[in-house]
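Everything below concerns the one structure shown next.
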Amino acid sequence: MNRPTPRRTVLAAAIAAAAGTAAAPAAIAATSGSTGATAAGPDAHNRTGPTEAVDRVSYHGWTTFTDWRCGSGEGTRAEPGPRPGLVIADPAGQKDYTDPHTGRTATWEYATWTAPVHRPVTPASEVVASWNADTPAGTWIQIELHGTYTDGTTTPWYVMGRWAAGDEDIRRTSVDDQTDGKSTVWTDTFSIDDTDGPVRLASYRLRLTLYREPGSRKTPKVWRVGAMASDVPARFTVPASVPGVGAGRELEVPRYSQNIHKGQYPEYDNGGEAWCSPTSSQMILEYWGRKPTKADLAWVNPEFADPQVCHAARYTYDYQYEGCGNWPFNAAYASTYHDMQGIVTRLGSLNDVEKLVRAGIPVITSQSFLATELDGAGYGTSGHLMCLVGFTPDGDVVANDPASSSNDEVRNVYKRRQFENIWLRTKRYDANGKVRSGTGGIAYIYWPANPAPSQHRVLRELGIR
């Protein structure tokens, strides 16, 4: 789980004070969610539950050769092939960048690509961008978002991440203190400040800037960039789903405990409870047969068990947030492995997870709860990631929960109704009776670049392409 820090506490309090339905930063698991199980089309979920609330979530991604050609580029080109991508052709110019975490200033060649304007099915109160890319040594990328509000005004260009697969050239980072009085970027999440008011984000564009060392022929290659946009109501409870196609299905996913790493690598947030996100990511990657090489792990203390978990922590670490819980950084880490891709989105119910599990795709979910709200967990958390790997015949959740004392204890069965509520709700009470934000259905989904037909079908059904 994500270890609470003073900064996270301040952010959570600021969100709660700003608006009762606003979302807090992803890293403290404060987001909105959706219910139901019927996709409204290939690019959205519009769902109505037993309550009168209509929940709205849409993910849109740019991944194809046509997608890359449809954007507006300056110094970039679309590269065809089995996995089309965007690369530097002739740089648009040079820029200096001073890394705030090292103090080092360097000059970089750059090229840019701006996606066409995208209008979500429903105007959004939140947007989370995610991307998949290869950044060889001497290269990195920046992802930005620009939007138009429903009142006709526009946002600034918000930085959603400065990212590299490694950490030698720049330190991957989110950017704090981005706001225009109507919206704010909380670590990795664009959020409307006052969701009790009428203003929402009507449309947005994403911009990629690709950087490389001057004179180099190397280039980043971006295979996917996209965003999840949502606007959902505040709720303490969500409608219960009925066990469906996933009942009785369980995937063989490796099991790793985050807690056995307590105290390891203080420079990457000290292991233990702070490493739920990279530990979960590593479990799913190894399910798909991807893991670091022996050479990749040479830097890890050989006395440490499961060195690949340490590796995942280092290469998901956000130097601004000072933790490994940046959602898009985890999805981007997954894509650094051969022919893997990953996104951050929201799912509507455990029925959505069942469809994915039945197709052979495990899911990483984010949730917050008191110890009394999830029988068998034995802990409470303000934000925690775990892997959903299956369902019992009765429809209860089978989770690889990294918040376990050993690898052998990672597999847990949680009551379906309890789990669905703590995952999908947007409001909750903490141990002191104060209202806090819930986790709202956020999920990481990782799958191969060339999925099986059954996997492709269910992804499209859930609005993911």
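The values are calculated or read from the model by the stated rules, or taken from the named source; none is laboratory data. Predicted model, so just to flag it, every value in this text is computed and none were measured. Note: ideal-geometry Cβ built from the backbone for every residue, glycine included; neighbour counts use all protein chains shown.
Here are some residues: 112, 122. Which one is in a loop (DSSP other than H, G, I, E, B) and touching a residue at least 24 places away in the same chain (Cβ under 8 Å)?
122
At negative phi and in the same structural domain as residue 206 (by TED's automatic domain parsing): is that true of residue 241 in this structure?
Criteria not met by residue 241.
Just one of the listed residues (257, 281) is of a type outside the set (A, V, I, L, M), at pLDDT 95 or above, buried (at least 23 other Cβ atoms within 10 Å of the Cβ) and under 30 Å from residue 64 (Cβ atoms), and it is 281.
Of all residues in the range 156-170, those that are in contact with a Ser or Thr (Cβ under 6 Å, 6 or more places away or on another chain) and either surrounded by fewer than 23 Cβ atoms within 10 Å (Cβ to Cβ) or more than 20 Å from residue 312 (Cβ to Cβ) (or both) total 1.
Taken together, the residues in the range 270-303 that are in contact with a Cys (Cβ under 6 Å, 6 or more places away or on another chain) and farther than 25 Å from residue 133 by Cα amount to 0.
Number of residues in the range 85-109 that are part of a loop (DSSP other than H, G, I, E, B) and free of Cβ contacts under 8 Å to residues at least 12 places away in the same chain: the value is 2. If a residue must be in a helix (DSSP H, G or I), within 14 Å of residue 370 (Cα to Cα) and without any contact (Cβ under 8 Å) to a residue 60 or more places away in the chain, how many such residues does the range 409-465 contain? Residues meeting the conditions: 2.
Out of the residues in the range 260-277 meeting the condition of being buried (at least 22 other Cβ atoms within 10 Å of the Cβ) and in contact (Cβ under 8 Å) with a residue 60 or more places away in the chain, tell me which one is farthest from residue 388 (Cα to Cα). Ranking the candidates gives 269 first. Report whether or not residue 111 is closer than 29 Å to residue 442 by Cβ, in the same structural domain as residue 205 (by TED's automatic domain parsing), surrounded by 20 or more Cβ atoms within 10 Å (Cβ to Cβ) and not aromatic (Phe, Trp, Tyr). The answer is no for residue 111. Scanning the range 216-253 for residues that are touching a strand residue (DSSP E or B) at 6+ places or on another chain (Cβ under 6 Å), among the charged types (D, E, K, R) and crowded, with 22+ Cβ neighbours inside 10 Å returns 224, 231.
When the range 333-360 is limited to residues that are hydrophobic (A, V, I, L, M, F, W, C) and surrounded by fewer than 24 Cβ atoms within 10 Å (Cβ to Cβ), the one that is farthest from the chain's Cα centre (by Cα) turns out to be 359. Within the span defined as the range 363-374, every residue fails to be small (Gly, Ala, Ser) and either closer than 19 Å to residue 290 by Cα or assigned to a loop (DSSP other than H, G, I, E, B) (or both). Exactly one residue out of 319, 315 is within 15 Å of the chain's Cα centre (by Cα), within 26 Å of residue 133 (Cα to Cα), among the hydroxyl-bearing types (Ser, Thr, Tyr) and buried (at least 19 other Cβ atoms within 10 Å of the Cβ): that is 315.
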